[in-house]
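Notes follow once the structure below has been shown.
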Amino acid sequence: MTWWHRLLRRNQMEAQLDKELQWHLDQHAADLVARGHAPEEAGRLARRALGGPEQVKEECRDARGTRWVENLWQDFRYALRTLRQRPGFAAVALLTLALGTGATTVMFTVINGVLLKPLPYPDPDRLVSLQEQTEKATQWGNLWAFTYPNYLDCKRESRSLDMATWRYDGGIVSKPGAAEYVEGAQISSELFSILGVSISQGRAFLPEEDRPGAPPVAIVSDGLWKRRFGASLAAIGAALVFDGKTYTVVGITPAGFGLSDFEPDVFTPIGQITEPYMHDREAHFGFRVWARLRPGATLARARAELAVVGRQLAGQYPKSNAGRTFIGDPLRPDVGDVRSTLWLLLGAVTLVLLIACVNIASLLLARAASRERELAMRVALGASRGRLARQCLTESAVLGLSGGLFGILLATVGMRPFVALWPGTLPRAEGVRLDWHVLLFALAVSLASGLLFGLAPALRAPARELERALHAGSRSVAGSSRRLHAGFVVSEIALAVVLLVSAGMLGRTLLHLSSLDPGVNIHNILTARTALSPDTLASAARTRAAWQDILDRARRVPGVQSVTIVDTVPMREGNNQIGYWTTPAEPPADQQQLTSATSVTPDYLKVVGTPLRQGRFFTDQDRLGAEGVVVIDEVMAQQAFAGKEPIGQHLWIGMGSDPMRVVGVVGHVRYWGAADDDRTKVRAQLYYPFAQVPDNYLRRWSELMSIAVRTSVPPLQVVEPLRREVRGATGDQVLYEVRTMEQLAGDTLARQRFLLVLFGIFAGLALLLACIGIYGVQAYLTSRRVPEIGVRMALGATPHGVQWMVLRESLGMLAAGVAVGVTGALAAARLLVRLVDGMQTGGPATFALTLSVLVAAALFASFLPARRASRIDPMRALRQE
């Protein structure tokens, strides 16, 4: 029989064992009778020769090799019985563990879906992301998007990589249906094959369609196909008007297909672009290059080939490619700054889980002490110390797994609300779900937790002094046991201090950031990106007329007080950093000062409410042909003209209207948000009239412009009337990304607010668990010291003296825990400063406030056992002994 057969046929083998033992007894007895013994005497002698039947059976069972499984199953059933017999203990332990493992499982589920899951393409480990790299770093760093000519050369020369390129290209879909702004992507024909993605309907682009002059074709997303074409297969071959150009739909992407961190609705061939930048090796217009390693190729070999291509192009085109090479790295999901936040939260919930484990360990240790007589009896009957330890660890593992199952249920319920509460949009949120990785993690955490809090009672299993342990009335507490309980309490307090102080620092940070002046009056302002009718972009004159028409139409909307056009809205994603200089001689690019440049119309200050400090703002006379003028903020006035009067000074910014005369100084706007503005490298701000943007920049600028209105009514009430007015005569001008300034300002602190809420919850839970732990330990130690306390009181100790004795012990544990916790909190503070924008380190006031809350709660938890100890009746206590 195999091992499995012996295990599964246990009952059958037991019956066979009984028959075999009886056969041996009968045979031996028959032999003895044949030798002349009486039958009764022969039976007695046979049983004596064989030995005790149960001992013989045990030896036979050991020989099978399945005994450890049987013992484990026996311990498992015994553990379930003990939990069922103590429902109060089981409920408290399971709830504590469920909260700890549930919170940890939620965080790991999110981390697994956002950070650990590979990209949703076949063989994602073979995908590579390429970038251009310069030897010298500029103000913008030394990593660049590809230029199209460099991409073509790398694609042609590489033997290890199959390459494709793409770039973002949003625009207006005007037919079929009403005008709608959608996200799009211009892609090379190889992109889908390189990613290993098959078109769900129709086909991908052909190589001959990815070149100038080819028939305009498009691939649409599954979502747009359903919205615009009713999910009809007739969409293949149908016309789609995108940005004023008619395309033939040739394919539909699979549902959920996306590039990087967005899901385009319209894909067009990148090779059909005829703009001059397609032939300019210095024009980095957001071309992203992805590649797949060919069979047998390695990343190291591909990198070596790219380096060779970089040197060759540097020699052929020294003006654009000198000091420039190409690098390749494994393609990874783009999750922004979410990574650090997720790991930070996982660390916080791990502390909560540790506190829960320490709490359960303390409860199990107290329970093991109450079972000391039972365990000693087992030792007296022959159980080894290892056997007792295995029994204790099995019980704790059952408890841990049961708590883990409840934790998984809590994680299932809490996962979606957690994702919904995430500030902004959680990257790759569609991948956040329970799968076998998460279940395996939850199982491992549950088992590890069970073993962790089961070690103390397992190691405490009695092996010596059995007579003392078997004495039913023994109620003393060994010094080692008391120290172990105290160590648990100190650990709980230390971990709680770390979380409480961290929550206090986050609260202090949020209060500080909320009190800062953003530089704009955020109330009653509505902002929206604005897409002009594609027909108007063909001519600079028509483009300027279209923007003026939008301003005029917006002013007619009831509730609108003032209107402006602006390219970069404060506290919203997007910026325009440019270099400037104050003398006619242009310095090298890496030596130029940087400023954040914003193009606006004259009513900008009326809309945003930024104060004018000196001079004037723009007027309708500041247009092309007139003197170029700029307005700067206080930071730039100090940076560019320290100690000088800025009004009347000249600046050069390379926009074609240099020099620009400074005509005004305005207050500083926290463009980067309350948390980031003080730490950003570029704080200086410059404003220039949108009317003075040169014609050759006007089309590009028009793709970036937004409308901002100040209202006399709640801003969201004017959204629909504003949409109707802005739609224009042709009906294909749209507003999108509509937000109020209050929303934008709130979003800049959303991450800090989110962390504060979660750390506050974790800290509150840690404080509650720590107080429960202190109360439980003190109540247990006091109950075990009843005879001692009775003797003290019989010898003259007062109730207040007994009460102070118990509180003094609590204060000692509390002081030790606070001392250790403060050290951990200081380390946590340094970590938070690096990971959380605008983080304020906790000053003495923060530590004093949070620690006072902890000390007050801990003393209250200790007061109850101390008060109970002070009311012990000496005579009844002595009778217990």
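The values are calculated or read from the model by the stated rules, or taken from the named source; none is laboratory data. Since the structure is predicted, the reported quantities are computational estimates derived from the model, not experimental observations. Glycine also receives a Cβ, built like all others from the backbone with ideal geometry; neighbour counts cover every protein chain displayed. Side chains are part of the model used for accessible areas, which takes the heavy atoms of the whole protein and leaves out ligands, DNA and RNA. Shrake-Rupley method; radii C 1.70, N 1.55, O 1.52, S 1.80 Å.
Any residue at all in the stretch 132-145 that's among the aromatic types (F, W, Y) and within 28 Å of T530 (Cβ to Cβ)?
Within the stretch 132-145, one or more residues are among the aromatic types (F, W, Y) and within 28 Å of T530 (Cβ to Cβ).
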Of the residues G801, G812, which is closer than 29 Å to I360 by Cα and open to solvent by less than 60 Å² (accessible area, probe 1.4 Å)? G812
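Kindly indicate which of A185, A214, A235 is open to solvent by less than 60 Å² (accessible area, probe 1.4 Å), under 35 Å from the mean Cα position of the chain (by Cα) and among the aliphatic types (A, V, I, L, M).
Just one listed residue meets the conditions, A185.
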Per the list (1) open to solvent by 40 Å² or more (accessible area, probe 1.4 Å); (2) under 30 Å from L511 (Cβ atoms); (3) in contact (Cβ under 8 Å) with a residue 24 or more places away in the chain, residue check on S712 breaks on (2)
Taking into account only those residues within the stretch 537-571 that are free of Cβ contacts under 8 Å to residues at least 40 places away in the same chain and of a type outside the set (A, V, I, L, M, F, W, C), which is surrounded by the fewest Cβ atoms within 10 Å (Cβ to Cβ)? D552
Filter result (out of contact with any Phe, Trp or Tyr (no Cβ under 6 Å at 6 or more places or on another chain), of a type in the set (V, I, T), buried (at least 16 other Cβ atoms within 10 Å of the Cβ) and not in a helix (DSSP H, G or I)) within the stretch 606-638: T610, V629, I632
Assess whether R483 counts as being more than 30 Å from F257 (Cα to Cα), surrounded by 15 or more Cβ atoms within 10 Å (Cβ to Cβ) and either charged (D, E, K, R) or at pLDDT below 80 (or both). no
If I go through the stretch 137-175 residue by residue, how many of them are surrounded by fewer than 16 Cβ atoms within 10 Å (Cβ to Cβ), closer than 29 Å to V220 by Cα and not charged (D, E, K, R)? 1
Based on what the data block shows, is A848 free of Cβ contacts under 8 Å to residues at least 12 places away in the same chain, in a helix (DSSP H, G or I) and more than 23 Å from T104 (Cβ to Cβ)? yes
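What about L116, is it open to solvent by 60 Å² or more (accessible area, probe 1.4 Å), under 30 Å from L331 (Cβ atoms) and at pLDDT 85 or above?
Against the criterion (open to solvent by 60 Å² or more (accessible area, probe 1.4 Å), under 30 Å from L331 (Cβ atoms) and at pLDDT 85 or above), L116 qualifies.
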Given the criteria open to solvent by 60 Å² or more (accessible area, probe 1.4 Å), at pLDDT 90 or above and charged (D, E, K, R), does R294 qualify? yes
All conditions in (1) more than 30 Å from R428 (Cβ to Cβ); (2) at pLDDT 95 or above are true of T253 except (1)
Reported set for the stretch 192-202 where residues are closer than 14 Å to A218 by Cβ and either open to solvent by less than 20 Å² (accessible area, probe 1.4 Å) or not in a strand (DSSP E or B) (or both) is F192, I199
Here is a check on your reading of the model: is I578 in a strand (DSSP E or B), open to solvent by less than 70 Å² (accessible area, probe 1.4 Å), of a type in the set (A, V, I, L, M, F, W, C) and touching a Phe, Trp or Tyr at 6+ places or on another chain (Cβ under 8 Å)? no
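Does G790 satisfy the criteria of being of a type in the set (G, A, S), at pLDDT below 90 and touching a Phe, Trp or Tyr at 6+ places or on another chain (Cβ under 8 Å)?
So G790 fails the test.
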Outside the structural domain of P417 (by TED's automatic domain parsing), touching a Phe, Trp or Tyr at 6+ places or on another chain (Cβ under 7 Å) and β-branched (V, I, T) - does that describe any residue in the stretch 136-151? yes
Residues of the stretch 553-573 satisfying the condition of being in a loop (DSSP other than H, G, I, E, B) and of a type in the set (V, I, T): V557, T568, V569
When restricted to V665, V734, V726, V669, the only residue in contact with a Leu (Cβ under 9 Å, 6 or more places away or on another chain) and in contact (Cβ under 8 Å) with a residue 60 or more places away in the chain is V726
Set L99, L115: member being outside the structural domain of G764 (by TED's automatic domain parsing), touching a Pro at 6+ places or on another chain (Cβ under 9 Å) and in a helix (DSSP H, G or I): L115
Please list, ordered by first then second residue, the pairs with beta carbon atoms under 6 Å, 6 or more apart or interchain, first in the stretch 105-117 and in contact (Cβ under 8 Å) with a residue 60 or more places away in the chain and closer than 17 Å to L351 by Cβ, second aromatic (F, W, Y) and open to solvent by 10 Å² or more (accessible area, probe 1.4 Å). V106/F418; F108/F441
Consider only pairs whose beta carbons are under 9 Å apart and that are at least six residues apart or on different chains; among these, list those whose first residue lies in the stretch 213-229 and is within 19 Å of G256 (Cβ to Cβ) and whose second residue is open to solvent by less than 30 Å² (accessible area, probe 1.4 Å) and part of a helix (DSSP H, G or I). I219/F192; V220/A235; W225/A235; R228/A235; F229/A235
Consider L240 carefully, then state whether it is closer than 22 Å to Q733 by Cα and part of a strand (DSSP E or B). yes
Tell me yes or no: at least one residue of the stretch 731-746 is open to solvent by 30 Å² or more (accessible area, probe 1.4 Å), in contact with a strand residue (DSSP E or B) (Cβ under 9 Å, 6 or more places away or on another chain) and of a type in the set (D, E). yes
Condition test on Y688, is it outside any helix (DSSP H, G or I) and at pLDDT 95 or above? yes
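Which count do you get for residues in the stretch 486-529 that are in a loop (DSSP other than H, G, I, E, B) and open to solvent by less than 30 Å² (accessible area, probe 1.4 Å)?
Summing the residues that are in a loop (DSSP other than H, G, I, E, B) and open to solvent by less than 30 Å² (accessible area, probe 1.4 Å) in the stretch 486-529 gives 2.
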Subset of the stretch 681-698, residues buried (at least 16 other Cβ atoms within 10 Å of the Cβ) and either polar (S, T, N, Q) or closer than 21 Å to P602 by Cα (or both), comes to A684, Q685, L686, Y687, Y688, P689, F690, A691, Q692, V693, L698
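Can you work out which of the residues in the stretch 118-154 that are acidic (D, E) and part of a helix (DSSP H, G or I) is farthest from Q272 (Cα to Cα)?
D125
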Candidates V718, V757, filtered to the one that is in contact with a Ser or Thr (Cβ under 6 Å, 6 or more places away or on another chain) and either assigned to a helix (DSSP H, G or I) or open to solvent by less than 50 Å² (accessible area, probe 1.4 Å) (or both): V718
